[in-house]
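K.L.:
Take this structure first; my questions come after.
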Amino acid sequence: LVKHMKPQTIVVTNIYRDQLDVYGEIDKTFEYLATAIKESNNPNLVLNGDDERVLKLSEFSKGKMSLISFEESYLRLIKSENRSPVLRKEDTHIITGIRTDGASLSNTFEIRQGKNTLSVVEPIPGAFNCFSATAALLAFASIVGRDLFLLSGKYDIDFGKLRPAFGRGEILEH
């Protein structure tokens, strides 16, 4: 598909064994992703800065790379087979201050990069949904050619209408 579409931005949040039950083996998945990046003519990449395997994908593109990471206090709570403490770069976008509203179950969090901070509200509970929202914002910024921290006020970014995929944190009412 990428041979025909040539995406200008590719997002890879993880290649964890527990997340690939639908897609198969992680080494094969890595190969598929590497091939997609190579055939996309140096796309910009939005990558998980905490996952050593995902970071290796950066070798296949000369495009701009945006990294995402949880703050250290969250990383200590998350098991990962691929994490290495030396992966974090100075320009990594750090997800920090995650708070979940008890009534609406929405998350409020900040994305920090250097001295810049962006506050975000997204409606689906869970830290990894904050990660996905950050990836979406960085992909959008990449596509429109803007810095993430310059998007506010220029674009109406509203996660309010997002709903979880079936079986993933959805609220069942009866």
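The values are calculated or read from the model by the stated rules, or taken from the named source; none is laboratory data. Since this is a predicted model, take the numbers as computed values, not measurements. Neighbour counts run over all protein chains shown; Cβ positions are idealised from the backbone, glycine included. Just so you know, the surface numbers come from the protein's heavy atoms only, side chains and all, with ligands and any DNA or RNA stripped out. Shrake-Rupley method; radii C 1.70, N 1.55, O 1.52, S 1.80 Å.
K.L.:
Being open to solvent by 80 Å² or more (accessible area, probe 1.4 Å) and either in a strand (DSSP E or B) or of a type in the set (A, V, I, L, M) (or both) is the filter; apply it to the stretch 110-126 and report the residue that is farthest from H93 (Cα to Cα).
P.N.:
Within the stretch 110-126, the first condition is being open to solvent by 80 Å² or more (accessible area, probe 1.4 Å), and the residues that meet it are 112, 115, 117, 119, 121.
Then drop every residue that is not either in a strand (DSSP E or B) or of a type in the set (A, V, I, L, M) (or both), which leaves 112, 117, 119, 121.
On the way: R112: 6, T117: 9, S119: 12, V121: 16 Å.
Only one residue tops the list, namely V121.
K.L.:
Another one. Give the stretch 54-73 a look and list any residue that's closer than 14 Å to V11 by Cα and either open to solvent by 10 Å² or more (accessible area, probe 1.4 Å) or in contact (Cβ under 8 Å) with a residue 40 or more places away in the chain (or both), or say none.
P.N.:
At the first step, the residues of the stretch 54-73 found to be closer than 14 Å to V11 by Cα are 54-58, 60-61, 63-69.
Of everything in the stretch 54-73, those that are closer than 14 Å to V11 by Cα and either open to solvent by 10 Å² or more (accessible area, probe 1.4 Å) or in contact (Cβ under 8 Å) with a residue 40 or more places away in the chain (or both) turn out to be V54, L55, K56, L57, S58, F60, S61, G63, K64, M65, S66, I68.
K.L.:
Something else about it: Output the number of residues of the stretch 1-34 satisfying the condition of being farther than 21 Å from S142 by Cα and either modelled with pLDDT of 90 or more or over 13 Å from the mean Cα position of the chain (by Cα) (or both). Quick ask: steps written out before the conclusion?
P.N.:
Within the stretch 1-34, the subset farther than 21 Å from S142 by Cα is 15-32.
This time we only want the ones that are either modelled with pLDDT of 90 or more or over 13 Å from the mean Cα position of the chain (by Cα) (or both), so: 16-32.
Of the residues in that region, 17 qualify.
So that you can scan it fast, the table gives a plain yes or no per residue for (1) in contact with a Pro (Cβ under 8 Å, 6 or more places away or on another chain); (2) closer than 21 Å to D50 by Cβ; (3) at pLDDT 90 or above:
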{"position": "K89", "(1), (2), (3)": "no, yes, no"}
{"position": "I98", "(1), (2), (3)": "no, yes, yes"}
{"position": "G102", "(1), (2), (3)": "no, no, no"}
{"position": "I111", "(1), (2), (3)": "no, yes, yes"}
{"position": "A133", "(1), (2), (3)": "no, yes, yes"}
{"position": "S142", "(1), (2), (3)": "no, yes, yes"}
{"position": "D156", "(1), (2), (3)": "no, no, no"}
{"position": "F159", "(1), (2), (3)": "yes, no, no"}
